[in-house]
2 protein chains.
Amino acid sequence: MNNPYPSTLLENAVNEFAKLPGIGRKSALRLVLHLLRQDEKNVNHFTETLLKLKKEVNYCTCCHNISDTEICAICADKSRDPSVICVVENVKEVMAIERTVQFGGLYHVLGGIISPIDGIGPSDLEIASLEERVKAGDIKEVILALSATMEGDTTNFYIYRKLTPYQVKVSIIARGVSIGDEIEYADEVTLGRSIQNRTPFNESYKLVTK
Amino acid sequence: MNNPYPSTLLENAVNEFAKLPGIGRKSALRLVLHLLRQDEKNVNHFTETLLKLKKEVNYCTCCHNISDTEICAICADKSRDPSVICVVENVKEVMAIERTVQFGGLYHVLGGIISPIDGIGPSDLEIASLEERVKAGDIKEVILALSATMEGDTTNFYIYRKLTPYQVKVSIIARGVSIGDEIEYADEVTLGRSIQNRTPFNESYKLVTK
């Protein structure tokens, strides 16, 4: 079959967009044609914003989350409890947990999880700096909030062992049936875990279902 | 609610990606974080490829499709029939029709369809240049291959009226039940149209269903 693209310039741009996660060649073409219809000013603004982020991005020296300042707004917030640290994979998880408005401590952003297949080992992640924070003292609890996957569990165990020498409580976020899920359709591992980790039910239990 | 983004640089980049069609804020964040994990070299290449396309893009002077050369490969192909012109909205439709390997004529790319809501009138499209091509003679048939929507039909009628003064056959691609569709689930308009426009059935009819 012939090359379906009428222009190499177009094909190159489509190839670049198709490298992005979840963007197939059809979507990539749609996005490129959309940008091609925009004013040159807008396209320049698009690329400049991206390059500016890449060049000037800064990470909080305390929790390693993306931040415009040396210490991020969360770490600098005096109303938060600095003795509880929630360990997350990335900025996306910080944003997701912040949206719940259920956590008042600080974070530690690993920048990924241990994944031998992708060549990511403990030294590629902010695990040593987490140990340093705990070693420095005044930390009462470390909450592990990584994905409920094999890689997440590997990372959980690795961090747990690293922190064992210190007087710190290590906990993990609850795994169980999601709110709104029907028991019938829950997978066996999740359902089994939710029975093992059942919590007391009484009058003060908050009903969150619709 | 507080601004969920820990960095303005990050937020700006997410805003730019979220302007693209079909990209929500969650996907935009995922794409931006993916690019942030890449080498600066790769990010530069991404933006340069896009800017190069925007700056150097060229349209075929004959059919107005995107092309690296003054006359595109299709218009320049001597084995194709220059007396049949297929009118399409955009480069995507040229690529889709070329993939069918069922059309051996040339194209005319309008660059959109008439859409008063989006402020797109006939003068924003390559309709005058289509009329010029037909006026110049040697065109036997113009095939309308626009979307089967209100805007597509409006554009079809407009072009049809513009071409009426010339000795040219104007046809429209068949509308009917799609291959693989069950009659039961076909919409009424499509089914009605497919009955009106029924074609003779005989031994040479190609069965294309599985």
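Read-outs: derived from the displayed coordinates by stated rules, not from any lab. Fair warning: this is a prediction, and the values are worked out from it, not measured in the lab. Positions of Cβ are backbone-derived with ideal geometry, glycine not excepted, and every protein chain shown enters the neighbour counts.
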Enumerate the lysines that A:K162 could reach by cross-link, defined here as Cα to Cα under 24 Å, with residues fewer than 8 away along the same chain left out.
A:K135, A:K140
Per-residue [θ]222 nm for chain B (sum of -39500 (n - 2.57) over DSSP H runs n ≥ 4, rounded to 500)
-12500 deg cm²/dmol
Projected-area mean, chain A, by convex hull of Cα positions, square nanometres:
18.6 nm²
From the C-alpha gyration tensor of the protein assembly as shown, square roots of 5λ in Å:
56, 28, 19
Restricting to bridges with both residues inside segment A:75-172, how much of the DSSP beta-bridge set is antiparallel, in percent to the nearest 5?
5 percent
Cα-based Rg then Dmax for segment A:115-199, in Å, read 15.6, 47
Per the charge dipole of chain A (beta-carbon charges, Lys/Arg positive, Asp/Glu negative, Cα centre), the residue among A:V43, A:I114, A:Y185 reaching farthest to the positive end is A:V43
Could you name the lysines in cross-link range of B:K19, using Cα to Cα under 25 Å and dropping any fewer than eight places away on the same chain?
A:K19, A:K26, A:K41, A:K52, A:K54, A:K55, A:K92, B:K41, B:K52, B:K54, B:K55, B:K92
Treating only the Cβ of Lys, Arg, Asp and Glu as charged (+1, +1, -1, -1), what charge dipole size does chain B show about its Cα centre? Round to the nearest 20 debye.
180 debye
What is the projected area of the convex hull of the Cα atoms of segment A:8-56, averaged over all directions, in nm²?
3.7 nm²
Restricting to chain A, compute how many DSSP beta bridges are antiparallel as a %, nearest 5.
15 percent
Listing B:D181, B:D39 by rising number of other beta-carbon atoms within 10 angstrom, fewest first, gives B:D39, B:D181
Using DSSP, restrict attention to beta bridges with both residues in the protein assembly as shown and report what percent are antiparallel, rounded to the nearest 5.
15 percent
When a/c reaches 1.5 or more, the comparison of a/b and b/c decides; with that in mind, is segment A:77-134 rounded, prolate or oblate per its Cα gyration tensor?
oblate
With a Förster radius of 51 Å, plug the Cβ-Cβ distance of B:E188 and B:A73 into 1/(1 + (r/R0)^6) and report the FRET value to the nearest 0.05.
0.75
Starting from the Cα of B:K52, step 7 Å toward the Cβ, then list every residue of segment A:46-73 with an amide N under 18 Å from that point.
A:47-48, A:51
Charge dipole magnitude, Cβ of K and R +1, D and E -1 - the protein assembly as shown, Cα centre, debye nearest 20:
20 debye
If every alpha-carbon in segment A:161-200 counts as one equal scatterer, what log10 I(q)/I(0) does Debye give at q = 0.19, 0.28 1/Å?
-0.64, -0.95
Under a crude label model (7 Å from the Cα following the beta-carbon direction), how far is A:H34 from A:K19 in nanometres?
2.0 nm
Starting from the Kirkwood radius over alpha-carbon pairs of segment A:75-172, derive D by Stokes-Einstein at 4 °C in a medium of 1.567 mPa s and give it in µm² s⁻¹.
95 µm²/s
Segment B:1-79 to segment A:83-128: how many Å between their Cα centroids?
30 Å
Starting from the Cα-Cα distance between B:K92 and B:D124, subtract it from 0.36 nm times their residue separation and give me the gain in nm to one decimal.
9.7 nm
When averaged across all projection directions, what area in nm² does the alpha-carbon convex hull of segment A:15-138 cover?
10.5 nm²
To the nearest 0.05, what FRET efficiency results for A:H45 and B:S171 with a Förster distance of 41 Å applied to their C-beta separation?
0.40
